Amino acid sequence: MKPSAGSGPVTLAIMGCGQRGRAYAVYAQQHPERCKIVAVAEPRPKTRARMVQEHTVDSSLTFKSWQAFHAASEETIVTIGRRLADAVLIAVQDHMHAELVEAFAAQGYHILCEKPMATSIPHCLRIEESIKKAGVIFGMGHVLRYSPYSQAITEIVRSGQLGDLVNVVHIEPIGHTHFAHSYVRGNWAREMDSSFSLMTKSCHDIDIICSWLSPEKPERVSSFGGLRHFRKEAKPTTAGDSTRCLSCPAERSCPYSAKKSNVVYLEPVQAGKTGWPAAVIVDGIADIENVTDALHSGPYGQCVYESRNDVCDNQVVNIQFSSGATASFTMVAYTLLQCERQTRLHFTHGEIVGDMTDFTVTDFRTGATEKRSPMREGGGHGGGDLGLIRAFTEAVRTGRQELLGTDVTEVLSSHLTVFAAEESRRKGVTVDCGQFERKAREGWLLTGKQ
């Protein structure tokens, strides 16, 4: 695979300028010598204008839709034999990923795709085929792999200094307000609009567990969980017939109020906190007027007990690997911690216990315990967002997929483990992962790869 960029910075086109697109684009501002945003596509006018302004994108490379960028790119490829950028960053809604990956891989773009890979098994298989056929660099938004914290742990795992990894216990405390924002009121609240919550929220948790135990493969998986609390029957009787927080008599005592200062939107904005999550519920700057309007008329002001959500708010996953090693993962909404994973890795000669900021390493042979605090370099996911875009940019510059530490087939494999876990939860059975993948691939071929 040949490098795409010359001596200058790697050029990126961003498809989707929302919270995730912006999180990756920060790298171009911090390191303009390595990365430059040269084109954007975004349907929301104020959100699009903000990205254009921040990265001084030329008006001729500013588009209202990804299709418009794709068409302009096709014309440029045909007329002058070159693409509009070295790579495309896909940060649109989850169900659109396969279509965009397929379209831009065919044009020869290297691709960084936000998680999840896709929302159905056929779409994941389409992505694998598209990337392999095009022979382009592929990065996946499994940002947990790329934080200094995770990479320090991975280095110990790979070194073998604590012996064989036998068991992983990993917990994702989503945070009660974060879950209410994203998975009750937000874009990932209903499976038919996106996917099940284990996929949309925690596919990168399953991925990093699989990566620590690699090259061993998941052999069997079981899972349990459901929607426990965010249902109409759990609504406080004092709320009466109210369906919105701003007019609810129980609002001050509700832990999921869209108004209260210790939760998410209105009062935090009044105090000057205009970042996530308030920033993503409006087009443009999150000010009092815009946020108030959104809470009066949009889904983010709805009562969490009157919303149309249907995805799990708690789930456990158990995995047995081909080596006999085991792993357990818990995803739960009802926590004060927000996405600050708790992890224990148990080896034959020691253990690692971490909280996504610090971790302790204990060697059973010497009895020594050492606390390690990897560098915190800012950005989301403990530096994982910046770590991923940095690795992707360098992979594109050098033409080396291995710099990302994974490839499209490994990404597919961890996603299939997530799909298998969800099948176990729904059917109440233990799923054979190898058989599950064989059936998925065979079914895809039999249906004409649709």
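Taken together, the values in this text are just the output of simple stated rules run on the coordinates, not laboratory data. Note that this is a predicted model, so its numbers are computed, not measured. Please note: Cβ atoms are built from the backbone with ideal geometry, for glycine as well, and neighbour counts cover all protein chains shown.
In whole Å, what are the Cα extents of the chain along the three principal axes, biggest one first?
62, 62, 50
Tell me the relative contact order for the chain as a rounded percent, counting alpha carbon contacts under 8 Å between residues six or more apart.
Once normalised by length, the contact order is 22 percent.
Less than 15 Å from a label point 7 Å out along the Cα-to-Cβ axis of VAL169: which backbone N atoms in segment 297-331 qualify, by residue?
317-319, 326-331
In nanometres, what is the gap between the two model label sites at GLN93 and ASP293, each 7 Å from Cα along Cα-to-Cβ?
Between GLN93 and ASP293, the label points sit 2.1 nm apart.
Can you give me the C-alpha center-to-center distance between segment 341-368 and segment 171-231, rounded to a whole angstrom?
25
What does the extension gain come out to for ILE285 and ARG441, with contour length at 0.36 nm per residue minus their alpha carbon separation?
This chain segment gains 51.6 nm when fully extended.
Please get the size of the charge dipole for segment 22-93, origin at its Cα centre, with Cβ charges of +1 on Lys and Arg and -1 on Asp and Glu, quoted in debye to the nearest 20.
On the way: 10 positive and 7 negative charges, 54 e Å.
Using only the charged Cβ atoms, the result is roughly 260 debye.
How big is the charge dipole of segment 10-140 about its Cα centre, in debye rounded to the nearest 20, if each Lys and Arg gets +1 on its Cβ and each Asp and Glu gets -1 on its Cβ?
Charge dipole, segment 10-140, about its Cα centre: 300 debye, nearest 20.
Once the Cβ-Cβ distance between LYS217 and GLN30 is put in as r, and R0 is 35 Å, what FRET efficiency do you end up with, to the nearest 0.05?
On the way: r = 37 Å, r/R0 = 1.07.
Taking R0 as 35 Å, the efficiency between LYS217 and GLN30 is 0.40.
Gain in length, ILE77 to GLN161, computed as 0.36 nm per residue apart minus the alpha-carbon separation, to one decimal in nm?
Roughly 25.2 nm would be gained on extension.
Just round it to a whole percent: the fraction of Cα-Cα distances in segment 10-140 exceeding 22 Å.
Numbers: 2605 of 8515 pairs.
Value for segment 10-140: 31 percent of Cα pairs lie more than 22 Å apart.
If you build a Gaussian network model of the chain, linking Cα atoms that sit under 10 Å apart, which residue out of THR62, THR238, THR406 swings the most?
THR238
Give, in nm to one decimal, the length gained when the segment between THR237 and GLU370 is fully stretched (0.36 nm per residue of separation minus the Cα-Cα distance).
Length gained between THR237 and GLU370: 42.8 nm.
Taking θ = phi - 60°, what integer Hz values does the Karplus form 6.51 cos²θ - 1.76 cosθ + 1.60 yield along segment 188-197, in sequence order, with x for Gly and Pro?
10, 7, 10, 4, 5, 8, 8, 6, 6, 5
Grab the other residues whose beta carbon is less than 15 angstrom from that of GLY160, score K and R as +1, D and E as -1, and report the net.
-3
Using only the Cα atoms of segment 383-450, what do you get for the radius of gyration and for Dmax, in Å?
In order Rg, Dmax, the Cα atoms of segment 383-450 give 16.3, 47 Å.
What are the lysines whose alpha-carbon lies under 26 Å from the alpha-carbon of LYS201, with same-chain residues fewer than 8 places away excluded?
The qualifying lysines are LYS115, LYS217, LYS232, LYS235, LYS259, LYS260, LYS273, LYS427, LYS439.
Would you calculate, for the chain, the mean residue ellipticity at 222 nm contributed by helices, counting each DSSP H stretch of 4 or more residues as -39,500 (n - 2.57) and dividing by all residues, to the nearest 500?
Theoretical 222 nm ellipticity from helices: -11000 deg cm²/dmol.
Rounded to the nearest 20 debye, what is the charge dipole size of the chain about its Cα centre when +1 sits on each Lys and Arg Cβ and -1 on each Asp and Glu Cβ?
Magnitude of the dipole: close to 260 debye.
Work out the charge dipole of the chain with +1 on the Cβ of Lys and Arg and -1 on the Cβ of Asp and Glu about the Cα centre, then indicate which of VAL57, LEU403, LEU388 is farthest towards its positive end.
VAL57
Rounded to whole Å and sorted largest first, list the principal axis extents of the Cα atoms in segment 232-301.
36, 22, 16
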